[in-house]
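First comes the structure, then the notes that go with it.
The values are calculated or read from the model by the stated rules, or taken from the named source; none is laboratory data. Everything numeric here is computed off the predicted structure, so don't read it as measured data. Note that each Cβ is placed from the backbone with ideal geometry, even for glycine, and that neighbours are counted across all protein chains shown. Each accessible area value is taken on the protein alone, full model and side chains, heavy atoms only, with ligands, DNA and RNA left out. Shrake-Rupley method; radii C 1.70, N 1.55, O 1.52, S 1.80 Å.
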Amino acid sequence: MAHAQEHTSHTKLIWKVFAILSVITIVEVFLGIEKPDFLYLTNFIGTNLLNIIFIVLTLVKAYYITWFFMHMADEKKNLRRAVVWTAVFLIAYLATLLLIEGGYIHSVLGPLTKWNY
């Protein structure tokens, strides 16, 4: 006897995730265009607050994309953790290294180069 598998529509969930990702993207674009001085000129953990906000918003978007569009919500707990946590950690690690190296290059080459601001 075959089990009758219930088909559930995920239309509402897809639209909800789409709305969340759209709002995050709109906030990122707005902040990138406006570049508020209180965020851009305030240093925190070696960079300005605007960069940290972009990193956090990017990690949130990566999480939602992985969780819902790669169907991680339907997988076993350990596989979900392995995939999602690894991706979030590696993205955060890469962003941290890029900011550290970028700051170092700017401090070393800054006196030698005319930066166009």
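Part of a loop (DSSP other than H, G, I, E, B) and either modelled with pLDDT under 80 or open to solvent by 80 Å² or more (accessible area, probe 1.4 Å) (or both): is that true of Y117 in this structure?
yes
So is V84 among the hydrophobic types (A, V, I, L, M, F, W, C), open to solvent by less than 50 Å² (accessible area, probe 1.4 Å), without any contact (Cβ under 8 Å) to a residue 60 or more places away in the chain and assigned to a helix (DSSP H, G or I) or not?
On the way: among the hydrophobic types (A, V, I, L, M, F, W, C): yes; open to solvent by less than 50 Å² (accessible area, probe 1.4 Å): yes; without any contact (Cβ under 8 Å) to a residue 60 or more places away in the chain: yes; assigned to a helix (DSSP H, G or I): yes.
Yes, satisfied.
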